[in-house]
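A quick write-up on the structure given underneath.
The values are calculated or read from the model by the stated rules, or taken from the named source; none is laboratory data. Model, not experiment: these values are computed from the prediction. Quick reminder, even Gly has a Cβ in these numbers, built from the backbone with ideal geometry, and neighbours come from all protein chains shown. Areas reflect the complete protein model, heavy atoms only, side chains present, ligands, DNA and RNA absent. Shrake-Rupley method; radii C 1.70, N 1.55, O 1.52, S 1.80 Å.
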Number of protein chains: 2
Amino acid sequence: MDAAEFRREGHQLIDWIAEYLETNEDLPVMSRSQPGEIAATVPTSPPEQGEPMARILADFQRDILPGVTHWNHPRFFAYFPANNSYPSILGELLSAGLGVNAMLWQTSPAATELEQRVIGWLAEMLRLPPGFHGCIQDTASTATLTALVCARERTTGFAGNATGPAATLGLRIYASREAHSSVVKGARLAGFGDENIVPVDVTADWALDPDHLRRCIADDLAAGRRPCCVVATVGTTSTTAIDPLPAIGPVCAEHGLWLHVDAALAGTAAILPELRWILDGVEHADSLVFNPHKWLLTNFDCSAWYVKDPAHLERTLAIDPAYLRTDQDPHVRNFRDWGVPLGRRFRALKLWFVLRSYGTRRLRDIIAGHVALARQFAGWVEQTPGWELAAPVPVNTVCFRLAPAGRDAAVRDRLNTRLRDRVNHEGTIYVTMTELDGAATLRLAVGQRATERRHVEDAWAVLQREADRLLGEVV
Amino acid sequence: MDAAEFRREGHQLIDWIAEYLETNEDLPVMSRSQPGEIAATVPTSPPEQGEPMARILADFQRDILPGVTHWNHPRFFAYFPANNSYPSILGELLSAGLGVNAMLWQTSPAATELEQRVIGWLAEMLRLPPGFHGCIQDTASTATLTALVCARERTTGFAGNATGPAATLGLRIYASREAHSSVVKGARLAGFGDENIVPVDVTADWALDPDHLRRCIADDLAAGRRPCCVVATVGTTSTTAIDPLPAIGPVCAEHGLWLHVDAALAGTAAILPELRWILDGVEHADSLVFNPHKWLLTNFDCSAWYVKDPAHLERTLAIDPAYLRTDQDPHVRNFRDWGVPLGRRFRALKLWFVLRSYGTRRLRDIIAGHVALARQFAGWVEQTPGWELAAPVPVNTVCFRLAPAGRDAAVRDRLNTRLRDRVNHEGTIYVTMTELDGAATLRLAVGQRATERRHVEDAWAVLQREADRLLGEVV
């Protein structure tokens, strides 16, 4: 492809994306593709001869697009939002065009310095207390792994890095039973082992119980085990429960434990003055992650990762081979030592584009709008006989279920699972489930850029309609 | 930004990228920006009000671009290539526009199935033996970490995941002294500890010495330690040395060690029939990584990661919270369990665009051209008095140094370091250094899409010119 073809096809593709984002609400949200169907459209061998881009893009639309689940559909209510926006898309485009690797300051000073600036902008928007330093990582999973390793090395005085298992026997990680699966995964990866992840009980609102945390730590100390790290979740995946940092922080301080705050989804809500309380107590944290790629209009991947002690982080992760040394090393930040991968994209561009193009006021309005819509939906559920709200709604996610009187728990579980399948295949909306106290629970997470009140009304209508049909069939 | 502004600014940005890539050879390769200079152009707080994209893009060109080191400049010879191409840029654009999260099959069947197809295309291009299954990861660092954890869990029968340090005492990793720093980093992250990374000697060509590997393993077994994993490098970072898989493989088989092949840069060269030998013996490998984002015209990040036993990989990394379960799980591949992060971009698109737009023949021609240029440069060095070639040139990277007669080693080190600084600041080229047997060594890596013979000639000319000046000054 030469420059002329790139210009021509690039303009077409820009137009196609605009058209797609303006009209995707007419598409079924979840792909209806069957396993193997998309693969069957693609030859098993690559072509020997190059092909014109126009043909490839036509194939994309015909063969690939039907296999796409539309995450930026205004009626995508599944999992968590992973929204994007026009300025973010342009930022990713420019980053791809430059093709910069931001592993070292020298390999593109602008990539490092703009990243430092925009990560500071986000800290200001979240009103993080002074003393947090950050960078962009790919995902909260990776950031949490990094935090666990930092904790391991602080507790062992870097003996974990030096000698491995001999230095890390009995190290303990505490997180609530509702913490994200990435905590378990990170703990395994970092060599702690499942049996050293202590599941802390939750209170009635699904948030970590700080009294139980104290007891777990005391039991471990009494048994000669070594408390190391607490992962507090601000906005759990199932219910967006907010672990109480003001109570957890002092426990960590008392025992010298690393406090990592996983605010992957809900952190964004802290840009709203009325929801900033979810980060109350964050001054106790040693590290924090939240994902602008979930709910701040910046396309995946863009995870904001903060630490209080960059020197500790760098010493934990530093590698210093001859081929990566530069004269500026003593004077600059080399983000290669801030995470797992060595190579890094110029992700600051898309975040800079989003924050400038929208401005903080508009972003607050959008997030506040999502929160209001989630609460509205929760209100409809609460007021409707035969339905129940399964958890409080502090942020943007509603946990609820169809709960017709006179059906036992097993029947209710089957009903809700079938209801999810019905509505998802019907296509108007896409919702997913979780389990709360073992009960099948529907989740509706509001957070797409284009989601308006009418889309949430559509969701409630289709859920009620399909529920009525289902109940009619199984009576 | 509305759709109309996106179309307008998107077209402009496409045109700007085309112009940039066509004309960037007129720019100094390495940014001349001083520490803090770019940050000083960016306000410390985000704007309250949104701004027009045209203004933001103008600021980018004026304030940010001077801080960019041009990785896709045809005279970028530093580190390793991280090239891109027009189809790849369009693929990344489309991926950003769709905003898909490919963590599960259901969250976009096309993302998983197209990824399976194109990863199969690459396997065919590399003529990997049957039995390798793959996916796209972000970087080789992450893939190597994943391999080390797979090895740990195979050796311990998953007791590492279950019980942590108690099960992993004394596990040993073997890699040559020339292996990439990501092996040490991965081993630390995965809890092995530095003292359990056994640095294996290299032979005269900087490749791992299989006899020494045997002795290291025998010594460890005699001492009651537990050999676990060998990382073989196909194309080391310093010299692109090729560790001998045909000799290493049987050693691993004999002792039941996981064999991970790090072919991050050089793997691409195996698409050439005349260089396929670098992967001879790959049938012994349990896992392999190579980076299309380095040298196969696919912009960062796009790392191809293969394993022989997907069931083992999935069992090692599997997490199965209620909120991620789908009905299709028994029938489909969920790539969430193939790497560290949960979330995943739709990276298959850019690879599909590149492989189809270029076709395999053209890609082979481009790679062969780079190899030929590197050898040509090596020939010039060899034939020129006062210069020396520091290592063989099996692939695309030339290690060399200015070696005027009558100067001792310390003077030569200073001369070469100063020469690097001179040429990099002069701007025609960008080269980096490594150490070989403690001696400062210049590296010239050929691998940018637009690099032609004249660019390599320019490199040799500027190196000789600046060397002459330098020698004139210090005489």
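Points worth noting:
- Peptides B:335-345, B:107-117 ranked from most to least packed by the mean count of surrounding Cβ atoms within 10 Å: B:107-117, B:335-345.
- Note on B:32-39: average number of Cβ atoms from other chains within 10 Å of each residue's Cβ is 6.
- Centre separation in Å (Cα based) which lies between segment A:35-73 and segment B:164-192: 40
- Of the peptides B:159-168, A:249-258, B:298-307, the order by per-residue mean of other Cβ atoms within 10 Å, starting with the highest, comes out as B:298-307, B:159-168, A:249-258.
- Per residue, the protein assembly as shown exposes 30 Å² of accessible surface when a 1.4 Å probe is rolled over the protein heavy atoms with every protein chain present.
- Residue-averaged beta-carbon neighbours from other chains (10 angstrom radius) around B:248-261: 0
- Taking every C-alpha pair closer than 8 Å and separated by at least 6 residues, the mean separation divided by the residue count of chain B gives a relative contact order of 22 percent.
- Axis-proximal residue, chain A, for the rotation superposing A on B (Cβ, Å): A:191, 1
- Segment B:1-104, accessible surface, carbon-and-sulfur percent (1.4 angstrom probe): 49
- Rounded to the nearest 20 debye, dipole of segment A:252-316 from Cβ charges on Lys, Arg, Asp, Glu: 180
- By DSSP, the beta bridges lying fully in the protein assembly as shown are antiparallel in about 55 percent of cases.
- Length-normalised contact order for segment B:3-111 - Cα pairs under 8 Å, 6+ apart - percent: 28
- Here residue A:294 sits with roughly 20 square angstrom of accessible surface, probe radius 1.4 Å.
- Compactness of segment A:150-305, expressed as Rg and Dmax over alpha-carbon positions, Å: 15.4, 48
- In angstrom, the C-alpha Rg and Dmax of segment A:102-207 are 16.9, 51.
- Considering only chain B, percent of DSSP beta bridges that pair antiparallel, nearest 5: 55
- Counts of other chain beta carbons within 10 angstrom of each beta carbon in peptide B:349-362 average 5.
- Net charge of the neighbourhood of residue B:70, taken over other residues with C-beta under 15 Å away and scored Lys/Arg +1, Asp/Glu -1, is -3.
- Pairs of Cα atoms nearer than 8 Å and 6+ residues apart set the relative contact order; for segment A:224-287 it is 38 percent.
- Part-to-part distance (alpha-carbon centres) for segment A:404-428 and segment B:411-452, which is given in Å: 65
- Cross-link pairs B:185/B:308; A:294/B:308; A:350/B:308 - those with Cα-Cα distance over 30 Å: A:294/B:308; A:350/B:308
- Chain B and chain A together bury an accessible surface of about 13400 square angstrom, both sides counted, with a 1.4 Å probe and no ligands or nucleic acids included.
- Simple Cβ-charge dipole of segment B:37-124, Lys/Arg +1 and Asp/Glu -1, about Cα centre, in debye nearest 20: 220
- Legend: residues B:284, A:312, sorted from most to least accessible area (1.4 Å probe; ligands, DNA and RNA excluded), read B:284, A:312.
- Ranked by the mean number of other Cβ atoms within 10 Å per residue, highest first, peptides A:60-67, B:93-100 order as B:93-100, A:60-67.
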